[in-house]
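S.K.: Before we start, here is the structure in question, set down as structure tokens.
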Amino acid sequence: MDSTDLGNLWDRVFGTQPAPEQWLVVVAATAALIAVVPNVIWRLTRNAITIAHEGGHGLIALLSGRQLSGIRLHSDTSGLTVSRGKPTGIGMVLTAVAGYTAPPLLGLGGAWLLADGRITLLLWLATALLAVMLMMIRNVYGALTVILTGSLFLLMSWLASPDWQSLFAYSAVWFLLLGGVRPAFELQSKRRHGGAPDSDADQLSRLTDVPAALWLFLFHAVSLCSLIGGGRWLLGL
């Protein structure tokens, strides 16, 4: 690959693309809403939120100095991230917090990139993160889920027209923002009925002596604020 090709690739990835028409942004938001609200569709699309959730646990575990043993994704849309290190302390707390906050915060970061016209960069960053996560997956279903998701991002970044890239990128970010809100409400409902006794909120409560309800409030606050802020960026407000 000569310098011209490298320059073209650099411009393609890190350059800016024109902002899409407002109708396309609204269509993308509608598609994401359809992927999140109906239960029959959510049972499938929630896998993408689980990837972000467990990826958040794994990333913060590594950044906080813990040893990441592996990540598993299951067909019931649950997941498990195992890390080794001190069982208490700030590293463990941050790792536990990262799960429910990762999808909306990723959506917020994606909205910031799209507001700056970095559509291709967003697609490439998502592909790179999924490729890194694949190396830590420890079960077949999880590997297939990550490979299919990453392949979709890669194909869209290389083969799709600019309009289709925009629609896909905006839909993905809207999905993270909207889909990042629902899991906290689901967890709240399960805990109200005596379920999920070992949830992230309950683990955080045992680690910090702060009531699990307050950690749930944090999850709600992060997801809803990310949706409001990210939505405003996406809509150009």
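The values are calculated or read from the model by the stated rules, or taken from the named source; none is laboratory data. Keep in mind that what you see is a predicted model, and the values were worked out from it rather than measured. Because the Cβ atoms are built from the backbone with ideal geometry, glycine has one as well, and the counts that use them run over all protein chains shown. The protein model used for the area step is the full one, side chains on, heavy atoms only, and it has no ligands, DNA or RNA in it. Shrake-Rupley method; radii C 1.70, N 1.55, O 1.52, S 1.80 Å.
S.K.: For region 113-142, name all the residues that are without any contact (Cβ under 8 Å) to a residue 40 or more places away in the chain and either assigned to a loop (DSSP other than H, G, I, E, B) or not aliphatic (A, V, I, L, M) (or both).
M.R.: If the condition is that a residue be without any contact (Cβ under 8 Å) to a residue 40 or more places away in the chain and either assigned to a loop (DSSP other than H, G, I, E, B) or not aliphatic (A, V, I, L, M) (or both), then 127, 135 are the ones that fit.
S.K.: Check every one of the helices (runs of 4 or more DSSP H) wholly within region 156-235 and list those with 1 or more residues that are in contact with a strand residue (DSSP E or B) (Cβ under 9 Å, 6 or more places away or on another chain) and either surrounded by 19 or more Cβ atoms within 10 Å (Cβ to Cβ) or modelled with pLDDT of 95 or more (or both). Show your work before the answer.
M.R.: On the way: elements: 162-179, 182-192, 200-208, 212-234.
No helices (runs of 4 or more DSSP H) qualify here.
S.K.: Here is a further query. Condition (residue is closer than 26 Å to residue 202 by Cα and of a type in the set (Lys, Arg)) applied to region 112-131: is it met by at least one residue? Walk me through it before giving the result.
M.R.: If we filter region 112-131 for residues that are closer than 26 Å to residue 202 by Cα, which is where we start, we get none.
So far as region 112-131 goes, no, none of its residues is closer than 26 Å to residue 202 by Cα and of a type in the set (Lys, Arg).
S.K.: Given the criterion free of Cβ contacts under 8 Å to residues at least 60 places away in the same chain, surrounded by 17 or more Cβ atoms within 10 Å (Cβ to Cβ) and in contact with a helix residue (DSSP H, G or I) (Cβ under 8 Å, 6 or more places away or on another chain), identify the matching residue among 60, 41.
M.R.: On the way: 41 fails: surrounded by 17 or more Cβ atoms within 10 Å (Cβ to Cβ).
From the options 60, 41, the qualifying one is 60.
S.K.: For region 178-199, enumerate the residues that are over 16 Å from residue 104 (Cα atoms) and not hydrophobic (A, V, I, L, M, F, W, C). Quick ask: steps written out before the conclusion?
M.R.: Kept after step one, since they are over 16 Å from residue 104 (Cα atoms), are these residues of region 178-199: 188-199.
188, 189, 190, 191, 192, 193, 194, 195, 197, 198, 199 - these are the residues of region 178-199 that are over 16 Å from residue 104 (Cα atoms) and not hydrophobic (A, V, I, L, M, F, W, C).
S.K.: Checking residue 34 against (1) in contact (Cβ under 8 Å) with a residue 24 or more places away in the chain; (2) assigned to a helix (DSSP H, G or I); (3) over 23 Å from residue 128 (Cα atoms), which single condition isn't satisfied?
M.R.: With respect to (1) in contact (Cβ under 8 Å) with a residue 24 or more places away in the chain; (2) assigned to a helix (DSSP H, G or I); (3) over 23 Å from residue 128 (Cα atoms), residue 34 is out only on (1).
S.K.: State all residues of region 82-91 that are within 14 Å of residue 63 (Cβ to Cβ) and either at pLDDT 95 or above or open to solvent by 70 Å² or more (accessible area, probe 1.4 Å) (or both); if no residue qualifies, say none.
M.R.: Listed by number, the list holds a single entry, 90.
S.K.: Moving on. What residue, among those in region 85-101 that are among the small types (Gly, Ala, Ser) and without any contact (Cβ under 8 Å) to a residue 60 or more places away in the chain, is nearest to residue 198 (Cα to Cα)? Let's see the steps before the verdict.
M.R.: Of region 85-101, the ones among the small types (Gly, Ala, Ser) are 85, 89, 91, 96, 98-99.
So of that shortlist, the ones also without any contact (Cβ under 8 Å) to a residue 60 or more places away in the chain come out as 85, 89, 91, 98.
Values: 85: 19, 89: 18, 91: 18, 98: 16 Å.
Checking each candidate, the answer is 98.
S.K.: Moving on to the next point. Residue by residue through region 66-81, note down the ones that are closer than 26 Å to residue 208 by Cβ and surrounded by fewer than 12 Cβ atoms within 10 Å (Cβ to Cβ).
M.R.: 67
S.K.: Still on this model: Which residues, taken from region 61-99, are under 20 Å from residue 202 (Cα atoms) and among the small types (Gly, Ala, Ser)?
M.R.: Passing the criteria: 61, 78, 79, 83, 85, 89, 91, 96, 98, 99.
S.K.: A follow-up question, please. Quick check: anything in region 97-118 among the basic types (Lys, Arg) and surrounded by fewer than 16 Cβ atoms within 10 Å (Cβ to Cβ)?
M.R.: Let us first name the residues in region 97-118 that are among the basic types (Lys, Arg), namely 118.
The next check asks that each one be surrounded by fewer than 16 Cβ atoms within 10 Å (Cβ to Cβ); those that pass are none.
Scanning region 97-118 turns up no residue that is among the basic types (Lys, Arg) and surrounded by fewer than 16 Cβ atoms within 10 Å (Cβ to Cβ).
Each row is one residue, and each column tells you yes or no for (1) farther than 22 Å from residue 21 by Cα; (2) among the polar types (S, T, N, Q); (3) open to solvent by less than 30 Å² (accessible area, probe 1.4 Å).
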{"residue": "121", "(1), (2), (3)": "no, no, yes"}
{"residue": "126", "(1), (2), (3)": "yes, no, yes"}
{"residue": "131", "(1), (2), (3)": "yes, no, no"}
{"residue": "135", "(1), (2), (3)": "yes, no, no"}
{"residue": "140", "(1), (2), (3)": "yes, no, no"}
{"residue": "145", "(1), (2), (3)": "yes, yes, yes"}
{"residue": "148", "(1), (2), (3)": "yes, no, no"}
{"residue": "154", "(1), (2), (3)": "yes, no, no"}
